[in-house]
Amino acid sequence: MREREERFTSPARNWVRWMQRIGAGDRVTYVTLGSAALVRWMVALGGYSGQADAPMHGDYEAQRHWMELTLHLPPTKWYFYDLPYWGLDYPPITAYVSWVCGWIGSQINKDWFALEKSRGYESDSSRVFMRATVLALDLAIYVPCIVLFCRRWFAYRSRRTQELATITLLLQPALILIDHGHFQYNNVMLGLSLYAILCFREGKDLLGAAAFVCSMTFKQMALYYAPAVFGYLLGKCFWLGWREGRTLFLGLAVVSTLTLLSTLIPFLPPFAPFPETLLQVVHRIFPVARGLFEDKVSNFWCASDPIIHWRRRLSNEMLVRFSGIGTVGAAALPMLHLLRVSWGAGGRQQRNVASPALRLLPWAMFNSAMAFFLFSFQVHEKSILLPLMPLTLLLGDRGSEADDGDDTWEWGVLVNNMGVLTMWPLLSKDGQALNYFVLPLFWNYLIGYNPLRLSSGWFLRFLTLVCAVPCTYAMTHADPVQSSYTLIAILHIMEATVPPPQRYPDLWVVARVAVGCGVFGLAWLWGLRKQLEVGWGIGTFHAAPAPPRLQSKTK
Amino acid sequence: MSSPPSTLSRRRPSGLPSAPSGLSKSVEIQEARTSKEPWLTSEERDVLVLSTVMKVVLFPAYHSTDFEVHRNWLAITHSLPISKWYFDTTSEWTLDYPPFFAYFEYLLSWPAALIDPGITTLNNLGYAAWSCVAYQRWTVIISELVMAAALLRFVRSSSDPSLQRVISASLFLHPGFIIVDHIHFQYNGFMYGILLWSILAARNGQLLKSGILFAVLLNFKHIYMYIAPAYFVYLLRAYCFNPRGSFLIQNFIKLGASVAGIFAVSLGPFLAMGQIPQLLSRLFPFTRGLNHAYWAANAWALVTAADRVLLQCKSMQLVRLTLFPTLLIGAKLRGTSLTINTSGVESTSRGLVGDTHFAILPNIEPRHTFIVTILFQLIFLAKLWRKPDYKSFVHALTLCGYCSFMFGWHVHEKAVLLILVPLSLLAADDYAHYRTFVMASLAGIVGLFPLLFTPAEWFIKVGYSAIWFAVVLPGLARRCPRPTPTWIGEIVHRLEGLYIYGFVALQLAVTAFTAVLAWKSPDPGAPPEIPLNLTTSGNLLEATTSSPLQRSSLSQMEFLPLMMTSVYCAVGITWAFLRLSWLYIKSS
């Protein structure tokens, strides 16, 4: 027991323990929340996408521009207005949120969002306002969901573990760097998806489905989770049996459709010319014409491009079809597995109880999102946030009985770190280089992750796989995790000191992409295996009624 | 300058619990090597990492003109011969710290010139490239390790290490240092490190060393003269006299010679060049007003506020009198209203540097403040003379600084650290001390908030301070349980609680007020105007010349939230002063 304590010790854990010892245990949550907000705000002091970079600026200007155009134009024109200059290409809820933010902002200062005139506006105070909107939405949606998740999902663990999970999850560096550094609102989408998981856990499937539809209509990227969520919900219908399941299925269909339609109201008949507006919305949200990938993403297409030259060999249309088939095939695996497990599981078959397959949901979400990231069309390096979210949720379970001798935590941190590392080109351009180094290092330190001191059997298994990484260094080095970090470190140094050869100006970037893609690909395979394993566990245990640990304390 | 770290590492108690080996890999630990800490426990390492990370992340935060002041000093010391250091007027930010600090800047200027020659170019006024910001911010973090080392040694030689560790960590992560050093930009952490080290020497009975260190400190920054009387009395009584009262001439000579030696090293070159008068004129410019641009939360803030209130009453009375001319003949007028001092009414731009003239109350002159300060200090010094032990010394030290802060001429709000740092060492003595510490710290830290007036830093100063209090206070409180109070004690306790919660209301009011003002005033930040915005914000609230009032016609209104903060904090500071004085005087 003592050894276990030693193994899972970390500065964050020590701090929580100390707070409890001095009788301030009930303050831990508040201090954690305050610190999380403070860290976000400190990151926000740094640069953002397209800062002082006229004429096009970047994501910051895009979001500001959307606030401007939604504020001044009727909804029917939103998706048509001046498309070359950051035309709106996110789903309607983003537009509504932009409108609210723009309205509040223009109450403070009209100039910030004056139509046309405010393009590229970035005064100190407007910058603070924009940053504050991200923080406010984060604190309103994502942060409470995380806190709630740590309480409910880990209800059978000690309070200390729950607090620790909250710290780990809230300070996940990748999301903070992108949302509060680079400037985006991914936290809203992720928060809504997370809320959907929480609802499923409480057996409120209809509410969860509505939340998930909202998540997708905030940002279409939540589609990455759709196979998993669909698999869970359909699986639950199977699990409930024909009578109950049919009712639930109909209910879900109705609720999802209604939610979707209600978010689209301003673009539907009485308010807008019918097919054109809606078609334009869809066309803007799913831009097929933009090419296989932009910039340098650590996914399959981009990593294999230097060798295979996809874009030279195949037409865009073919590529769309190829990547579509690849993605659907890859993302269908976790979904089908979810269905299979739900079908076979026993338990108390009631509608207001989560189905036993719930434990699989984060895994399935990770696998399906990672499949999208690796194989789909038009992926951004920021999209890695989607696979990261469910994987990060699982980090909270460190040190449980289920986790003993398990490598989830190590993998989770590795993929998280790699996610940040592959975002280097983006973040260094944004003036977030400092936070790029400091924040992940601090998070790793805080949660007690030290790649030099990891010890478990999975290394050897992983080693055989990692030899596939096309780098001699990895092969001569004994330890794959260390070698992937070492590689990234070497790449950093090379990038800073050695100019790439003239024939390959992108050499360092491509090398980074290759390393990232290698790790993500392996993580995906590992995730699939883990999902299978967890599924077997459920299949074995749930022939009988659900064990008490699935019942929350709150009931 | 190089002496502190070496002496520091020389005397380290051995046989202390050692941290698990193999952990010294992290970057921060390598920085810590300047303070030679192979015995860092894991908690201490955590604090070091946490503080370093936070300070590094704050690099892009707002910095005041003090940043340019120090950059200019780097340039002066690097590009001019020593004979011109105290004569250069290329920038308005002339060198006005004592020679050791100039030497310190000289040392820092060499790496600076290597990293970016732009930093040390004399005519490069206002240079703030990223290399310059990062370099200067790093020097603050690294020089602060002197404080880290001193605080660690406090823990090592403490009888209650776990409590002392809380106190040490609370000082190392003190919001005051974050606000003043790591955002506003100064080197207080480094100098308070020397002070703490000197106090530590006093605790360990090495009084000579303590005196020498204090002399060194005085030659870094002369503001520490505020607490010099306590040092003087304590060293004289405890080092130069034996307990029975006979004079130890040898010790006296040793101490005197050492201190004189330090001053010779510091001032010698300038004495040789005949520059002492020039140097002194730079160090002590007696042209400033009673209050600083923003009133430090001291007794004069209360007095000035009282004057303003009286003035308001009077002017209302005047209006009434002019409205009813018949009353003009009344005796009232002759008696009171005409005594209004016109320069005092004009001085209600209140806060501009220059003299503060009172409209109603008698004017305060430097000698008045001097006399009041000395009188109060004498009370505590007399007690110290009769009771020359370590605890008494720290009390007297704190109270000496406190008197100077309370009644001094042109006190900076930053000087409140002079109270809060030594007071922290007493924070967990008993419940009364703890309570005094809470009051003084709250009022003192909130009193520092106006230093950072940019909207982006609002959340950092408020949020960080709140977190600091939430973690530190329970850590200290558990060691000092509350004794059963008398009924009057209970009433006072309740009132104090009310005052403490009042800070929430104060912050809300001040923030709302400032926000409304910003709302009403035009936003200076439209894209083409950004440079203008930068230059104005650069000049704001600065030590020597400007104030936020010069910004716009809304100046009078803008000063109101500052005044509210200042006066509200002054109440707490004054109350804590009375509490601490009482505790010290009645202690046996």
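Return the total of residues in the stretch A:430-447 being outside any helix (DSSP H, G or I) and more than 10 Å from every other protein chain (Cβ to nearest Cβ). Even if it seems obvious, please write down each step before you answer.
Within the stretch A:430-447, the first condition is being outside any helix (DSSP H, G or I), and the residues that meet it are A:430-432, A:447.
Filter again for more than 10 Å from every other protein chain (Cβ to nearest Cβ), leaving A:430, A:447.
Total satisfying the criteria: 2.
For residue A:61, work out the one condition from (1) within 19 Å of residue A:181 (Cα to Cα); (2) within 10 Å of chain B (Cβ to nearest Cβ) it doesn't fulfil.
Only one criterion in (1) within 19 Å of residue A:181 (Cα to Cα); (2) within 10 Å of chain B (Cβ to nearest Cβ) is unmet by residue A:61, namely (2).
Provide a single number: the residues in the stretch B:450-471 that are crowded, with 19+ Cβ neighbours inside 10 Å and not in a helix (DSSP H, G or I).
Of the residues in the stretch B:450-471, 2 are crowded, with 19+ Cβ neighbours inside 10 Å and not in a helix (DSSP H, G or I).
Which condition number in (1) without any contact (Cβ under 8 Å) to a residue 24 or more places away in the chain; (2) assigned to a helix (DSSP H, G or I); (3) away from chain A (no Cβ under 12 Å) is the one that residue B:414 fails?
(1)
Can you tell me which residue within the stretch A:100-133, out of those that are surrounded by fewer than 18 Cβ atoms within 10 Å (Cβ to Cβ) and more than 11 Å from every other protein chain (Cβ to nearest Cβ), is farthest from residue A:264 (Cα to Cα)?
Step by step, filter the stretch A:100-133, then rank; the result is A:116.
Could you check, for the stretch B:185-197, whether at least one of its residues is crowded, with 24+ Cβ neighbours inside 10 Å and more than 25 Å from residue B:446 (Cα to Cα)?
Within the stretch B:185-197, one or more residues are crowded, with 24+ Cβ neighbours inside 10 Å and more than 25 Å from residue B:446 (Cα to Cα).
Out of all the residues in the stretch A:81-88, is one or more in contact with a Lys or Arg (Cβ under 9 Å, 6 or more places away or on another chain), surrounded by 15 or more Cβ atoms within 10 Å (Cβ to Cβ) and either among the aliphatic types (A, V, I, L, M) or in contact (Cβ under 8 Å) with a residue 40 or more places away in the chain (or both)?
yes
When the residues of the stretch B:448-463 are narrowed to those that are more than 10 Å from every other protein chain (Cβ to nearest Cβ) and among the aromatic types (Phe, Trp, Tyr), which ends up nearest to residue B:61 (Cα to Cα)?
Across the stretch B:448-463, the extreme among qualifying residues is B:453.
Here is a check on your reading of the model: is residue A:55 of a type outside the set (D, E, K, R), in contact with a Ser or Thr (Cβ under 7 Å, 6 or more places away or on another chain) and touching a residue at least 24 places away in the same chain (Cβ under 8 Å)?
No; evaluated as a whole, the condition is false for this residue.
Could you look through the stretch A:237-266, keep only residues that are in contact with a Pro (Cβ under 7 Å, 6 or more places away or on another chain) and assigned to a helix (DSSP H, G or I), and pick out the one that is surrounded by the fewest Cβ atoms within 10 Å (Cβ to Cβ)? Before the answer, list the steps.
Quick first cut of the stretch A:237-266, residues in contact with a Pro (Cβ under 7 Å, 6 or more places away or on another chain) only: A:263-264, A:266.
Restricting the remaining residues to those that are assigned to a helix (DSSP H, G or I) gives A:263, A:266.
Details: A:263: 19, A:266: 17.
Here the residue is A:266.
Looking at A:33, A:71, A:45, A:88 in this structure, which one is more than 25 Å from the chain's Cα centre (by Cα) and hydrophobic (A, V, I, L, M, F, W, C)?
Matching residue, one of A:33, A:71, A:45, A:88: A:71.
Can you name the residue in the stretch A:504-555 that is of a type in the set (Gly, Ala, Ser) and closer than 30 Å to residue A:485 by Cα and is also modelled with the lowest pLDDT among such residues?
The selected residue is A:511.
Tell me the residue from B:477, B:432 that is more than 17 Å from residue B:294 (Cα to Cα), within 14 Å of another protein chain (Cβ to nearest Cβ) and surrounded by fewer than 21 Cβ atoms within 10 Å (Cβ to Cβ), please.
Answer to the selection: B:477.
Could you identify the single residue in A:279, A:258 that is at pLDDT 90 or above and out of contact with any strand residue (DSSP E or B) (no Cβ under 7 Å at 6 or more places or on another chain)?
Numbers: A:279 fails: at pLDDT 90 or above.
That would be A:258, the only listed residue that is at pLDDT 90 or above and out of contact with any strand residue (DSSP E or B) (no Cβ under 7 Å at 6 or more places or on another chain).
Cβ-Cβ under 7 Å, sequence separation 6+ or interchain: first residue in the stretch B:451-470 and closer than 10 Å to residue A:34 by Cβ, partner in a helix (DSSP H, G or I) and of a type in the set (Lys, Arg). Which pairs?
From the stretch B:451-470, the pairs are B:470/A:27.
Taking the stretch B:257-275, which residues are assigned to a helix (DSSP H, G or I) and closer than 14 Å to residue B:102 by Cβ?
If the condition is that a residue be assigned to a helix (DSSP H, G or I) and closer than 14 Å to residue B:102 by Cβ, then B:265, B:266, B:267, B:268, B:269, B:270 are the ones that fit.
Looking at (1) in contact with a strand residue (DSSP E or B) (Cβ under 7 Å, 6 or more places away or on another chain); (2) not in a helix (DSSP H, G or I), find the lone condition where residue B:429 falls short.
(1)
Please specify each residue of the stretch B:102-133 satisfying the condition of being closer than 25 Å to residue B:265 by Cα and charged (D, E, K, R).
Result: B:105, single match.
Could you run through the stretch A:21-41 and say how many residues are more than 7 Å from every other protein chain (Cβ to nearest Cβ) and either modelled with pLDDT of 95 or more or touching a helix residue (DSSP H, G or I) at 6+ places or on another chain (Cβ under 8 Å) (or both)?
Number satisfying all stated conditions: 8.
Which of the following residues is crowded, with 22+ Cβ neighbours inside 10 Å, within 11 Å of chain A (Cβ to nearest Cβ) and in a helix (DSSP H, G or I): B:77, B:52?
The conditions single out B:52.
So which residues in the stretch B:503-516 are surrounded by 15 or more Cβ atoms within 10 Å (Cβ to Cβ) and either under 18 Å from residue B:470 (Cα atoms) or touching a strand residue (DSSP E or B) at 6+ places or on another chain (Cβ under 6 Å) (or both)?
Listed by number, the residues that qualify are B:503, B:507.
The values are calculated or read from the model by the stated rules, or taken from the named source; none is laboratory data. Given the structure is predicted, the values throughout are model-derived calculations rather than measurements. With ideal geometry, Cβ positions are generated from the backbone for all residues, glycine too; neighbour counts draw on all protein chains shown.
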